[in-house]
Structure formats: C-alpha cells, structure tokens
Amino acid sequence: LGIIVDLPMSRTSSGAVQKTALAAAIASSFIIISLRRRWRRLEHNSEPSQRGPSISSYEALIGSTPLVKLTKLSGLLGKGREIYVKMECMNPGGTGKDRAALRMIQDAERCGALPPPLDPSIPLQQSRATTTYDDNDTSSHKDEGENGEDSSKPNVAIDESISLAIARSQTGGIVVEGTSGSTGISIASLCAVRGHAAIVVMPDDQAKEKRALLNCLGAVVHVVPNAAISNPNQYVNVAPRIADRI
C-alpha cells in the first residue's frame, strides 16, 4: 500500500483542513497496513503444509501487535529518547488479556488439567445448551448474602452454574474465572473456539452490556453481590469454590 500526498500547507483555514486530511490518511494507511500484515500471518498459519495442531482464526490474531512511535512526545524528551506504544487493543478481544488467557488455557491442556481442544477446522456440534441459552438462567440465581452466608440453600446457585457449563462443554473441560474486567471476555472467547465451557463469576455492579457479551460468547455468568475482598462471597473468592466443587 503506497500513499503519495502533495498538499501545500498554508496558514489559512484550508491549510488546517489539509493537515487534518493528511493526518487521517496517514492513520488510515497505518491501520490498513497493520491489518494486511496480520491477515498475511493468519493465512500463513493456516497453510495446510504446516504440521502440528491447527489453530483458530481468533488465536492466530493474538500477539504481534504493532509498536507505534509517539513522535511529538518523543521530540519533547530530546535527542536519543523515544516513546513507543504497544497497540494491545488490536488483539481480537481488544485487550492484552488475550495473551495471558491463551497461555493459561494452553498450559492447562498441556498438563492435563483441561482436555485437548477441538480441531477448529471441524464445525462444533450444536446442542440445546449452546443455542438456546437464556440470560435469565444465570441472572435468576439467588444471590449469596453479604455476611458470608447463602441467602438460599447452600451451593444451589453454584450447582446450577456447573450444570449449565457441563451441558455446554464440547470437550468436557470447564474454565472458571472470577473477573470484573476484560479477562473474562478473553477466557470466554478462547473457550468457545477450543470447545471448553467457561464459568465467569462477576459482581452485580458490572454493566449489563458486559454480561450480555459474555452470554453471547457462550459463557455461564455467575453473578454475586459486590463485596469486599475479605468477604468469602466476593467474586474472586467464589470462583475457587466453584472450581473445587467441579
């Protein structure tokens, strides 16, 4: 991709417009070049001549994000000093958490804590559990109390989440993550392409859009009341209990 720009830079208002157009063209060309390079890498990783386990399109786009120099800020630091930004937002999940999530899942598969992943070239078998998921299934769970005691029968909500995850797992593997951020989205995305089920434990003060996104990715969303980390029913503390119960 080549771009030739020949714009006379004046001090008039038209000059400001031209500068803006130039900046937009440069930014657009950078994005297009980055996407083309990443697509070439994806095609290379998908070549049949390569041996070993195949990878999904999602996984092939993780990593190798562009490094961008901040020219103006670097100029303020003086000669020989430069500032670069690693564009982790260009991972498929929009976050650098994709890297950590992929490595954790791969390590768990390697050591036997999770079953081997499905071949991404084979379509997943659809089932009622993965195609008719209703957000109310998990949202209707009775919340756990803030004083370390269940407001319903012990472990009922946990057992419901585990049952949903078992029904959704294509490999028999289940990943449990306690998160209020983007890690859960990365975990859910990777579990979806590798055939595992994901249980994401999150506090009830999170945005409904985040919960809806996790549901669309096939994760079982286990919602608990927001509480201090010292509370045994805080989401980070509930996640290990679910994993132990599995």
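The values are calculated or read from the model by the stated rules, or taken from the named source; none is laboratory data. Not measured: the values here are computed from a predicted model. Every residue, glycine among them, receives a Cβ derived from its backbone with ideal geometry; neighbour counts consider all protein chains shown. Heavy atoms of the whole protein, side chains included, go into the accessibility calculation; ligands, DNA and RNA do not. Shrake-Rupley method; radii C 1.70, N 1.55, O 1.52, S 1.80 Å.
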Rank Met202, Met87, Met104 by accessible area, highest first, at a 1.4 Å probe radius? Met104, Met87, Met202
With the crude spin-label approximation of a point 7 Å out along Cα→Cβ, what separation in nm comes out for Lys79 versus Ala108? 5.4 nm
Note: Thr71 to Glu209 extended length (0.36 nm per residue) minus current alpha-carbon separation gives 46.1 nm
Ranked from the most accessible area to the least, with a 1.4 Å probe and all protein chains present, what is the order of Glu209, Glu82, Glu160? Glu209, Glu82, Glu160
Could you work out how far apart the two model spin labels at Ala228 and Ala100 are, taking each label as a point 7 Å from the Cα in the direction of the beta carbon, and quote it in nm? 2.5 nm
What figure, in Å² to the nearest 10, do you get for the accessible area of Cys89 with a 1.4 Å probe and non-protein molecules left out? 80 Å²
